[in-house]
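For reference, the structure discussed in these notes is given below.
The values are calculated or read from the model by the stated rules, or taken from the named source; none is laboratory data. These numbers were taken from a predicted model, which means no experiment stands behind them. Neighbour counts are summed over all protein chains in view; Cβ atoms, including those assigned to glycine, are modelled from backbone coordinates with ideal geometry. Just so you know, the surface numbers come from the protein's heavy atoms only, side chains and all, with ligands and any DNA or RNA stripped out. Shrake-Rupley method; radii C 1.70, N 1.55, O 1.52, S 1.80 Å.
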Amino acid sequence: MTLDNFHRTIGQTIMYCQVIEHDVKYIYAAMHVGDFYENLERIEKWSLGQTVQKLKELDFSGKNPYISASDYNFLKQMTEKRNHWCHQTYQNFLYNKHFLQSKEYADECRKLKRDNERLSNVCDALEKVRIQAIKDFGRN
């Protein structure tokens, strides 16, 4: 992977993380009793981990959860992945004089490609859940 492609893929990966976090909050606000916009405002400052936990509790209080237990586990891990891509990845290889040929860079490229693909799929799936939850709870 070229460095320019790495930069673009990092940006896309971070975008997926932001969209997922926003969709999780929208799903929670739609499912929670009360005014949708007041719910959104109330949880605006919640961390992703906190929102995922509260959504999971709310989602599993019904008969048919919108999101599977394994997907909730992935969402919980996503915080660590986001932190890695935002705060750590470049430090793992950039200070190596010939980093483009380094094992560390190759490892980060491999992890980035895997996480980017997985986050893209989760992003698409959560968008569908968000749209369905808003419809099911009469929030449109």
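Laid out as a table, the results:
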| read-out | value |
| --- | --- |
| In segment 94-133, residue most open to solvent (accessible area, probe 1.4 Å) [restricted to those that are touching an Asp or Glu at 6+ places or on another chain (Cβ under 7 Å) and modelled with pLDDT of 95 or more] | 127 |
| Neighbours by Cβ (under 8 Å, 6+ apart or cross-chain): first from segment 15-40, of a type in the set (D, E, K, R); second assigned to a helix (DSSP H, G or I) and open to solvent by less than 50 Å² (accessible area, probe 1.4 Å) | 21/48; 21/51; 23/123; 23/126; 23/129; 25/40; 25/43; 25/51 |
| Out of 72, 26, 90, sole residue that is modelled with pLDDT of 95 or more and under 28 Å from residue 130 (Cα atoms) | 26 |
| Positions within segment 31-49 being open to solvent by 80 Å² or more (accessible area, probe 1.4 Å) and of a type in the set (A, V, I, L, M, F, W, C), in sequence order | 33 |
| Qualifying residues in segment 55-85 (those that are assigned to a helix (DSSP H, G or I) and more than 16 Å from the chain's Cα centre (by Cα)) - the one surrounded by the most Cβ atoms within 10 Å (Cβ to Cβ) | 59 |
| Evaluation of residue 52 against (1) open to solvent by 10 Å² or more (accessible area, probe 1.4 Å); (2) over 30 Å from residue 93 (Cα atoms); (3) part of a helix (DSSP H, G or I) (one fails), failing number | (1) |
